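**Student:** Okay, handing you the structure first.
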Amino acid sequence: MAQEDVFKKLVAHCKEYGFVFPSSEIYDGLGAVYDYGQHGVELKNNIKKYWWDSMVLLHENVVGIDSAIFMHPTIWKASGHVDAFNDPLIDNKDSKKRYRADVLIEEYLGKLEDKAQKEVDKARKRFGESFDEQMFRQTNGRVQEIMSQHDAVHTRFAKALNDADFEEIRQIIIDCEIVCPISGTKNWTDVRQFNLMFSTEMGSTSDGALKVYLRPETAQGIFVNYLNVQKTGRMKIPFGIAQIGKAFRNEIVARQFIFRMREFEQMEMQFFVRPGSELDWFKTWKATRLSWHKALGFGDENYRFHEHEKLAHYANAAVDIEYRFPFGFKEVEGIHSRTNFDLSQHQQFSGKKIQYFDPELNESYVPYVVETSIGVDRMFLQIVSAAYCEEELVSEGKKDTRVVLKFPAALAPVKLAVLPLVKKDGLPEKAREIINSLKFDFNCQYDEKDSIGKRYRRQDAIGTPFCVTVDHQTPEDNTVTIRYRDTMLQERVPIDQLHDIISEKVSLKSLFAKIV
Ligand code: ATP
């Protein structure tokens, strides 16, 4: 099945099974804003717990905060967001559709990379075991031709972005003959800058009202609390502050479901370090964060690092962790070495001294910062994309299919379903008893409707790792069958062992053990 079809099915599945709904749906929705349903919110909470605990429990020197969304507007002046939080946009005059000019070029470069990769894959098939990819890439004429075209555009693009040269960005689009996917034409407007911050007014009269912004990132709430946390927590450098919270960006092009939203949630950690040590910490956090992703078991080959073409105004190193979504490799997380830019700016704009006295060096300095920043919603989409599976089965001699979400058990919204085989003979009561003994530790569902096969399918579709069936043998010997989602194997176990079996499998501990 084409990857685009898989993605369409996945979006429909998220709606049908209570994961994600379009916002304000009965009023025909609101662009790029979504609501999470009964299963979505559980998955989202589990993702947040996986991140939060990996930061705050696993690191003695990382603590959390929860800062307000509204902040003093000067913060956004100091951080550079009022002047520089822009995206370059371009319109196609025929379709009247608006695009991000940088994204059009990045997609063009991605297509060239795919083209070269296809040549490599073809050759690998031809040569089999003895294939040497590096050698092939260095010597094959076709691949060389594609990659030199790629590198030339890439160099021009990186320079244009760094120089904020919008005429050149437009010229690259023209020279590469990039067409609008809707109209198919090259009839482009000029490239313009567009500020992504939402603003509103705080206060009762329009005269005295203060223009405030909805935060476009959670990081600034951490920076402006640096002194509070350092002093009250008696934190010693290096140390980190973690935060999970909503962020808002008036994205020019909001497509691909919850990949790019106008209201979303971020999980950010700012790590304060001694000046000069930031690039070592950058390397350390790069490795730690990649292993956090890989621990989920979705295949190491589906992740890669992407170095930034253009460093943000505050950064001296930046990398993205990309995942292979059904629509290609895309950013899930950014890791940035933000220098001492933000704290220095706040020091200057607020007039307050924001420094650290380092007892080992016997001197004061403005700490440097390494940031890890990941979107909860994008991580949600990554996990659902990776977990979504359509399987052909043969049951009782007949062909069948099932859709199953193979979530890591620790993240699954519902941990177990308890299913009485029939609605009588005391089996429902027994099932309720089991739920009552387990519900304080695990999210359980009770289901007695339809055949047992249909009930298994419903649980597969929401990714429940364990189905516990209560049958006529249960009242006799206090045993049940436990059916495992991925293998569909069943085993008979005593009821009093259920807690231990399940808790071992759904614990986050097994994931944490894999993080470096
Ligand atoms: P992009 O290049 O995709 O616009 P970005 O580089 O601007 O993203 P950052 O500012 O580094 O993103 O934000 C950190 C993380 O926040 C991203 O890696 C992503 O997971 C998430 N994020 C950013 N913008 C959005 C959005 N509009 N919708 C959902 N998640 C987002």
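Every read-out reported here was derived from the displayed coordinates using simple, explicitly stated rules and does not represent laboratory data. Computed from a predicted structure; not experimentally measured. Cβ placement follows ideal geometry from the backbone for every residue including glycine, while neighbour counts extend to all protein chains displayed.
**Student:** Do any chymotrypsin sites (Phe, Trp or Tyr not before Pro) in the stretch 93-173 lie in a loop, going by DSSP, with at most 16 other beta-carbon atoms within 10 Å of their beta carbon, and if so which?
**Tutor:** Hits after loop and neighbour filter: Phe131.
**Student:** Still on this structure, I have one more. Between Ala287 and Phe198, what is 0.36 nm times their sequence separation minus the Cα-Cα distance? Round to one decimal in nm.
**Tutor:** Extra length available between Ala287 and Phe198 comes to 28.6 nm.
**Student:** Can you pull a Stokes-Einstein diffusion coefficient for the chain at 20 °C (1.002 mPa s), Rh from Kirkwood over Cα pairs, as a whole number of µm²/s?
**Tutor:** Rounded, D is 82 µm²/s.
**Student:** Give a quick list of trypsin sites (Lys or Arg not before Pro) in the stretch 332-380 that DSSP marks as loop, anything other than H, G, I, E or B, with at most 14 other Cβ atoms within 10 Å.
**Tutor:** Those satisfying the criteria are Lys352, Lys353.
**Student:** If you average the sequence gap of Cα pairs under 8 Å that are 6 or more apart and divide by the length of the chain, what percent do you get for the contact order?
**Tutor:** RCO, the chain: 14 percent.
**Student:** What are the lysines whose alpha-carbon lies under 25 Å from the alpha-carbon of Lys8, with same-chain residues fewer than 8 places away excluded?
**Tutor:** Answer for Lys8, where 25 Å is the Cα cut-off: Lys44, Lys96, Lys97, Lys111, Lys115, Lys118, Lys330, Lys399, Lys406, Lys454, listed by chain and number.
**Student:** Which GluC sites (Glu not before Pro) does the stretch 115-179 hold that lie in a coil by DSSP with at most 10 other beta carbons within 10 Å?
**Tutor:** Loop-located and lightly packed - Glu177.
**Student:** For Arg142 and Ala312 in one chain, what is 0.36 nm times their gap in residues minus the Cα-Cα distance, to one decimal in nm?
**Tutor:** Full extension of this stretch gives 57.7 nm more.
**Student:** Angle check, please: helix 278-294 long axis (alpha carbons) against the longest principal axis of the chain (alpha carbons), in degrees 0 to 90, nearest 10.
**Tutor:** 30
**Student:** If each of Glu476 and Val41 carries a label point 7 Å out from its Cα toward its Cβ, how far apart are those two points in nm?
**Tutor:** 4.3
**Student:** Could I ask something else about it? Test of understanding: what is the full-extension gain from Arg98 to Glu133, defined as 0.36 nm times their sequence separation minus their Cα-Cα distance?
**Tutor:** 8.7 nm
**Student:** Using only alpha carbons, build the gyration tensor for the stretch 166-307 and give me the equivalent ellipsoid semi-axes, biggest first, whole Å.
**Tutor:** 34, 28, 16
**Student:** Through the Karplus equation 6.51 cos²θ - 1.76 cosθ + 1.60, θ set to phi - 60°, convert the phi angles of the stretch 173-182 into ³J(HN,Hα) values in whole Hz; use x for Gly and Pro.
**Tutor:** 4, 5, 4, 7, 6, 6, 10, 5, x, 8
**Student:** Next question, about the same structure. Can you give me the long-range amide H partners of Asn225? Hydrogens built in the peptide plane at 1.01 Å from N, cutoff under 5 Å, separation of 5 or more residues or another chain.
**Tutor:** Distant-sequence amide H within range of Asn225: zero hits.
**Student:** List the aspartates and glutamates whose Cα sits under 19 Å from the Cα of Lys509, skipping any in the same chain fewer than 8 residues away.
**Tutor:** Answer for Lys509, where 19 Å is the Cα cut-off: Glu42, Asp53, Glu60, Asp441, Asp500, listed by chain and number.
**Student:** Please name which of Phe407, Ala386, Ile452 has its Cα lying farthest along the dipole of the chain towards the positive end, using unit charges on Cβ (Lys, Arg +1; Asp, Glu -1) and the Cα centre as origin.
**Tutor:** Checking the options against the dipole of the chain, the answer is Ile452.
**Student:** Helix 427-438 against the longest principal axis of the chain: what's the angle in degrees, Cα atoms only, rounded to the nearest 10?
**Tutor:** 40
**Student:** Viscosity 0.890 mPa s, temperature 25 °C: give me the Stokes-Einstein translational D for the stretch 87-191 in µm²/s, with Rh taken as the Kirkwood radius over C-alpha pairs.
**Tutor:** Translational diffusion coefficient: 161 µm²/s.
**Student:** Same structure, new question: If the reach is capped at under 23 angstrom between alpha carbons, list the lysines near Lys93, excluding any in the same chain fewer than eight residues apart.
**Tutor:** Here the lysines satisfying the reach criterion relative to Lys93 are Lys186.
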